[in-house]
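A short worksheet on the structure shown next.
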There are 2 protein chains.
Amino acid sequence: MAQPKKRPRGETRRRILRLAAEWLQQRGYHGFSFGQIAEALEIQSSAVHYHFPAKPDLVAAVFAGYREDFAWWCEQQAKSREGALAQIGHFLDLEARNLDDERVCPLGVAGVEYASLPAEACAEAEALRDDLAAWLSRRLETGRERGELAFDGAAMDQAQLIMAAAQGALQLARLHGQADFRAVRRALLTGLRHPTVQA
Amino acid sequence: MAQPKKRPRGETRRRILRLAAEWLQQRGYHGFSFGQIAEALEIQSSAVHYHFPAKPDLVAAVFAGYREDFAWWCEQQAKSREGALAQIGHFLDLEARNLDDERVCPLGVAGVEYASLPAEACAEAEALRDDLAAWLSRRLETGRERGELAFDGAAMDQAQLIMAAAQGALQLARLHGQADFRAVRRALLTGLRHPTVQA
DNA sequence: GTCTATAACGTGATAGAC
DNA sequence: GTCTATCACGTTATAGAC
């Protein structure tokens with residue numbers, strides 16, 4: 001029988017998280033199993049259970065990872081000191097990266113499967129939603145104050161429109177093609193650039 | 001689709017379809033089973049298999065039902081002879097009905113679980129997407145021609161924005177509350193009403 | 001940290017009686 | 001059209017060896 005492969009500390013855990021994130025965004029929570037992860041990584045399913053006692057633990061960790069990644073991205077973004085419209089464009093580009101390997105936004109997964117998702121995963125997803133909403137509405141608010149952006153209504157309404165549209169567009173892109181996402185990106189940014197009417 | 005036009009008058013069949021549609025939109029494709037449907041309807045799981053040989057058949061039939069319902073809705077809508085903005089508002093209200101029992105848009109389910117969904121279901125979902133996109137872009141196009149609506153870019157881009165935003169907003173509403181959907185509805189319609197700038 | 005082995009269960013699906 | 005009975009399989013999860 002094959003000897004266990006020695007791997008650097010924490011390497012297996014990272015590989016599990018990485019694959020689980022990919023499949024979660026491609027197939028949904030119920031669309032992959034510990035056994036499939038084990039097979040793909042050429043380890044035993046009980047090795048997966050060692051790192052993550054149960055599936056809710058694994059998926060909650062995946063969502064927590066999304067939050068870490070987004071926090072890191074925000075830090076990098078803050079350094080660039082770009083305008084609000086450019087930053088929001090970069091946010092849409094961040095979402096667009098999911099198109100490369102046919103993923104959807106993790107919030108979409110949580111939203112669709114909400115009623116069949118473990119509570120831990122829901123809680124992390126809600127926190128991620130709050131992170132995104134806070135970042136977006138802040139950019140929109142200051143962008144409007146500085147006259148860079150024009151839109152009617154509350155900044156938070158606009159932030160939710162952007163989140164919802166990006167997430168929905170990634171899903172529609174799978175049904176009809178990546179052009180659908182670009183169409184939505186175009187429509188969103190055009191709407192923001194649009195100067196308010198002088199009455 | 002496997003099932004021809006002729007629909008058996010069976011009450012059981014209708015009850016199965018109704019419950020499957022509800023659960024599909026609440027839990028996703030993998031979030032419910034024949035056994036659970038049988039239990040809820042107090043029949044045997046093999047009775048479900050009688051009406052729908054396999055799960056893909058059932059779910060494809062559910063999607064086909066969505067298309068029929070939407071076609072019927074379009075007919076009713078055509079009779080009203082309302083303006084484009086009002087009609088698009090009604091479309092968003094149609095989506096908003098899903099909030100009542102915490103469902104999401106079926107296209108969201110298909111988009112999220114695409115990689116783990118049977119091909120029959122994907123095909124029906126794509127057809128439904130085309131139905132919605134065609135109806136919306138037509139309203140947008142004629143609305144703009146008549147000066148009722150104002151937006152930049154292609155009508156189809158705008159149609160995709162509306163579809164994506166509505167679908168994403170239903171999902172976000174589950175994570176944070178129904179107000180999120182209303183915020184998106186507001187932002188969308190405000191954007192359309194916004195008069196183009198006179199340069 | 002990974003393995004073997006296995007438990008306990010739910011799943012989609014089928015055959016055939018009534 | 002619905003039932004009983006059953007199947008093979010995949011699933012999550014645990015115990016204990018190395």
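What follows is calculated from the coordinates using simple rules that are stated; it is not laboratory data. This structure is a prediction, so every number in the text was calculated from the model and none was measured. Please note: Cβ atoms are built from the backbone with ideal geometry, for glycine as well, and neighbour counts cover all protein chains shown.
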Query raised in the report: With the Cα gyration tensor of the protein assembly as shown giving a ≥ b ≥ c as the square roots of its eigenvalues, does the rule (a/c under 1.5 for rounded; else a/b larger than b/c for prolate; else oblate) give rounded, prolate or oblate?
Result: oblate
Query raised in the report: Within chain A, what's the longest stretch lacking trypsin sites (Lys or Arg not before Pro) that sit in DSSP loops with no more than 16 other Cβ atoms inside 10 Å?
Result: A:10-80
Report task. Report the convex hull volume per residue for segment B:1-111, counting only C-alpha atoms, in Å³. Result -> 122
Query - Label geometry 7 Å along the beta-carbon vector: A:Glu11 inter-copy distances in nm - result: 6.4
Requested in this report: Specify the residue with the greatest mean-square fluctuation among B:Glu22, B:Glu82, B:Glu120, computed from a Gaussian network of chain B linking alpha-carbon atoms under 10 Å apart.
Outcome: B:Glu82
Report task. First check a/c for segment A:78-199, with a ≥ b ≥ c the square roots of the eigenvalues of its C-alpha gyration tensor; if it is under 1.5, answer rounded, and if not, answer prolate when a/b is larger than b/c or oblate otherwise. Result -> prolate
Query raised in the report: Between copies, how close do the B:Cys74 label points come, placed 7 Å along Cα→Cβ, listed in nm from shortest?
Result: 4.3
Query raised in the report: Relative contact order (percent) for chain B, with alpha-carbon contacts under 8 angstrom and 6 or more residues of separation?
Result: 22
